[in-house]
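The block underneath contains the structure these notes are about, expressed in structure tokens.
The values are calculated or read from the model by the stated rules, or taken from the named source; none is laboratory data. Predicted model only: the values in this text are computed from it and were never measured. Positions of Cβ are backbone-derived with ideal geometry, glycine not excepted, and every protein chain shown enters the neighbour counts.
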Amino acid sequence: MSAPVVCCVAGMPGSGKSSLGRLLAARLPAALVDQDTATNPLMAQIARLAGAGDDLDHPELRGPVRRARYDCLIDVALDNVGIGSSVVLVAPFTSEVGAPDAWAELEGRFGVVPLRLVWVAVPAAVARDRRRRRNLPRDAAWAKASRTEADAPLPVVPHLLADGTADPTTEADRLAALLLA
């Protein structure tokens, strides 16, 4: 890529965001900034201090804590864009994909650098089975909370759709070709 681009890889927990994001970053090439890697150790400590246990989506961690978590990701992405690198950001981006104003605010933070969304879609049963198999504390907390197990709705903002049940390598190749076109 001659000019940097930022690609947000989003989807429900267990959809395959991290796996696809890693492969996509290698193909673009781009820096990889995964919310789990970049912020989960700190979030786990904050969750314990807030009495949220292993639930990183606990109500006590929403609002200002969620905003700070995303600010960390975006600031790292902006540092990379500032040196001419493209970036793949991996996170749920739940608020941003569900509200055009929130997406526009995120786009505004990157100025003239194009921001693209890749939505990783899987049936809820597939995501649930993946979370069960990877057996992370945050997944157990997610399952215990009263969350709906319906398929996640598609984003209301422009996006490329990734099939989270397809071969991740094939999907990364397909999406990289679209992003580089």
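Pairing residues of region 2-18 that are under 21 Å from PHE110 (Cα atoms) with residues that are acidic (Asp, Glu), at Cβ distances under 8 Å and at least 6 apart in sequence or on separate chains, gives CYS8/GLU96; ALA10/GLU96.
Can you name the residue in region 1-38 that is surrounded by fewer than 20 Cβ atoms within 10 Å (Cβ to Cβ) and farther than 19 Å from LEU179 by Cβ and is also nearest to the chain's Cα centre (by Cα) among such residues? Selected residue: ASP36. Condition check for GLY21 on (1) touching an Asp or Glu at 6+ places or on another chain (Cβ under 7 Å); (2) over 25 Å from HIS159 (Cα atoms): one failure, at (2).
Suppose we filter ASP75, ASP79 for residues that are at pLDDT 95 or above and loosely packed, with under 13 Cβ neighbours inside 10 Å; which single one remains? Checking each option against the conditions leaves just ASP75.
Within region 50-96, track down each residue that is in contact (Cβ under 8 Å) with a residue 60 or more places away in the chain, among the hydrophobic types (A, V, I, L, M, F, W, C) and closer than 16 Å to LEU115 by Cβ. ALA77, VAL81, VAL87, VAL88, LEU89, VAL90, ALA91, PHE93, listed by residue number. Considering only region 100-113, I want to know if a residue exists there that is surrounded by fewer than 17 Cβ atoms within 10 Å (Cβ to Cβ) and more than 26 Å from LEU154 (Cβ to Cβ). Checked against the condition, which is being surrounded by fewer than 17 Cβ atoms within 10 Å (Cβ to Cβ) and more than 26 Å from LEU154 (Cβ to Cβ), region 100-113 yields at least one hit. Could you run through region 151-178 and say how many residues are over 19 Å from VAL126 (Cα atoms) and either without any contact (Cβ under 8 Å) to a residue 24 or more places away in the chain or among the β-branched types (Val, Ile, Thr) (or both)? Matching residues across region 151-178 total 5. Among the residues making up region 76-93, those that are in a helix (DSSP H, G or I) and among the small types (Gly, Ala, Ser) are ALA77, GLY82. Selection of region 1-49 for residues being assigned to a loop (DSSP other than H, G, I, E, B), touching a Lys or Arg at 6+ places or on another chain (Cβ under 9 Å) and within 26 Å of ARG132 (Cβ to Cβ) yields PRO13, GLY14, SER15, GLY16.
Here's the yes/no breakdown for (1) polar (S, T, N, Q); (2) within 21 Å of PRO59 (Cα to Cα):
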position: SER2; (1), (2): yes, no
position: VAL5; (1), (2): no, no
position: GLY11; (1), (2): no, yes
position: ALA26; (1), (2): no, no
position: ALA31; (1), (2): no, no
position: ASP34; (1), (2): no, no
position: THR39; (1), (2): yes, yes
position: ARG48; (1), (2): no, yes
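Return a yes/no flag: does region 50-72 have any residue that is of a type in the set (Val, Ile, Thr), modelled with pLDDT of 95 or more and more than 21 Å from ASN135 (Cα to Cα). No, because not a single residue in region 50-72 is of a type in the set (Val, Ile, Thr), modelled with pLDDT of 95 or more and more than 21 Å from ASN135 (Cα to Cα). Among residues that are out of contact with any strand residue (DSSP E or B) (no Cβ under 7 Å at 6 or more places or on another chain), modelled with pLDDT under 95 and surrounded by 13 or more Cβ atoms within 10 Å (Cβ to Cβ), ASP173 is not included.
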